[in-house]
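Participant: Can you keep this structure in mind? I'll have questions shortly.
Each value in this text was obtained by applying a stated rule to the coordinates, not by laboratory testing. From a predicted model like this one, the values you see are computed outputs, not experimental measurements. Backbone-built Cβ (ideal geometry, glycine too); neighbour counts: all protein chains shown.
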Amino acid sequence: MTLPDYMTAVLLTGHGGLECLEVRRDVPVPRPGVGEVLIQVAAAGINNTDINTRTAWYSKSVTTETADGGTGGFVDADGADGSWSGTPLSFPRIQGADCCGYIVAVGEDVPKERIGERVLVSTMLQSYVGDEPYACWTFGSECDGAFAQYAKAPASETYAVACDWSDVELASIPCAYSTAENMLHRAAVGAERVLITGASGGVGLAALQLAKRRGADVIAVTGRSKAKRLLEFGADRIIDRETDLTNELGENSIDVVVDLVAGPAWGSLLTVLARGGRYATAGAIAGPIVALDVRTLYLKDLTFFGCTFQDAVVFKNLITYIERGEIRPMVDKTYPLGEIKRAQEDFLAKRHVGKLVLIPPEMSARRASDPT
């Protein structure tokens, strides 16, 4: 395959609103370095982290919910600590934490036999930081990602996948499912009672399915209009997000809380946790600032898990689950890459269930078919 010199890509030109996303057709195609592969991107999912990174929501200067600045940005956001790692990003940056594609070139020390593999890229890359525990190097944040026709990645963290899924379905996996699996892995979830907040989003749905795979009894918190689809997806019980959890479930009734929401109702999550219960979080879409009564924490012997860094086994497990047919994602809608602004507006509106996925130009209908 002869590689072009230039490609279509979405450049993030700085922290801010949707105006910071610039669709360009003159971006140089990256070339793989030592130990790297070059991937022709077939599909790229949209995630909260793409928007949060754009708006610098991760900065301690931002204290409100993610949607407040999703379209226009946060006026007071400080880009100095606005990334996952807490260090400034360099611009322009190609975002996109989810990458499904085909290896079209390899760098030095990578077998040429890998060319042609259909692959997924691990969202949390460890090789670039020397496999240092808790170091964050995120695909599409600390390095360029999948919102482009081509992307490069470490060969050791680019995984061939053998399954009958469409590219769109596979592109739903990397960020959402690894985030969810990491929370369940950290909290050692088994056949017990699990409460999941924000259950209709990409990570929430992934957590629901992965917890069911582990034998859990899953209670999903979501909007009333999405209840039927979550029941069809495997939830054992649905609770409307406007409902008082304590009144609905009773105190000390839940073994594990998987929380992606936080916000004003956060205290009720600890109330419903049983003594010795575990709380795992990887998001705070309703707001990061909460009130904690420390007495609840220690008198109930609770354990808290903040879940960002992922052990390598987390992503490897996902590949295994896919190939064994143990999981299957839900894709709500697809968009051409050039319509990324509309796709992110729809994402922020939260009317969808499951994933929204972008398809770069020049991908065939066979490769980028939408299963929905």
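Participant: If each residue's Cβ is checked for other Cβ atoms within 10 Å, how do Phe315, Phe147, Phe304, Phe309 rank with the fewest at the top?
Facilitator: Values: Phe315 24, Phe147 29, Phe304 13, Phe309 16.
So the ranking, lowest neighbour count to highest, is Phe304, Phe309, Phe315, Phe147.
Participant: Another one. Just add up the charged neighbours of Gln310: K/R +1, D/E -1, any other residue whose Cβ is under 14 Å from the Cβ of Gln310.
Facilitator: Values: positive: Arg186, Lys316; negative: Asp131, Glu132, Glu157, Glu181, Asp311.
Summing Lys and Arg as +1 and Asp and Glu as -1 gives -3.
Participant: Just to confirm a number: summing +1 for Lys and Arg and -1 for Asp and Glu over residues other than Gln344 whose beta-carbon lies under 15 angstrom from that of Gln344, what do you get?
Facilitator: Working: positive: Arg54, Lys333, Lys341, Arg342, Lys350, Arg351, Lys355; negative: Glu19, Glu22, Asp50, Asp68, Asp98, Asp332, Glu339, Glu345, Asp346.
Residues close to Gln344 contribute a combined charge of -2.
Participant: Considering Cα pairs under 8 angstrom that are at least six residues apart, work out the relative contact order of region 142-249 and quote it in whole percent.
Facilitator: Details: 123 pairs, mean separation 20.1, N = 108.
About 19 percent, as a whole number.
Participant: Let me ask something else. How charged is the neighbourhood of Val62? Take every other residue with its Cβ under 9 Å from the Cβ of Val62, and add Lys/Arg as +1 and Asp/Glu as -1.
Facilitator: On the way: positive: Lys60; negative: Asp68, Asp76, Asp78.
Neighbour charge sum, excluding Val62 itself: -2.
Participant: Another one. Which residues' amide hydrogens lie under 5 Å from the amide hydrogen of Ala146, considering only partners 5 or more residues apart or on another chain, with H built in the peptide plane?
Facilitator: Gly96, Ala97, Asp98
Participant: Sequence-distant or interchain residues sharing an amide H contact under 5 Å with Ile285, placed H: which?
Facilitator: Val261
Participant: Let me ask another. What stretch of the chain, leaving out the sites themselves, is the longest with no GluC sites (Glu not before Pro) in a DSSP loop having at most 15 other Cβ atoms within 10 Å? Before the final figure, lay out the partial values.
Facilitator: On the way: sites that count: Glu108, Glu242, Glu251, Glu326, Glu362.
The longest such stretch corresponds to 109-241.
Participant: Amide H to amide H, which residues 5 or more places from Leu358 or on other chains are under 5 Å from it, using H placed in the peptide plane?
Facilitator: Ala44, Gly45, Ile46, Tyr335
Participant: Report the charge-dipole magnitude of region 291-369 in Debye, nearest 20, computed about the Cα centre from +1 at each Lys and Arg Cβ and -1 at each Asp and Glu Cβ. Mind dumping the intermediate values first?
Facilitator: Numbers: 13 positive and 10 negative charges, 43 e Å.
The calculated dipole for region 291-369 is roughly 200 debye.
Participant: OK, next. What list of ³J(HN,Hα) couplings, whole Hz, do you get for region 145-159 from phi and the Karplus terms 6.51, -1.76, 1.60, once you set θ to phi - 60° and write x for glycine and proline?
Facilitator: x, 9, 7, 6, 6, 9, 8, 10, 7, x, 4, 5, 10, 10, 10
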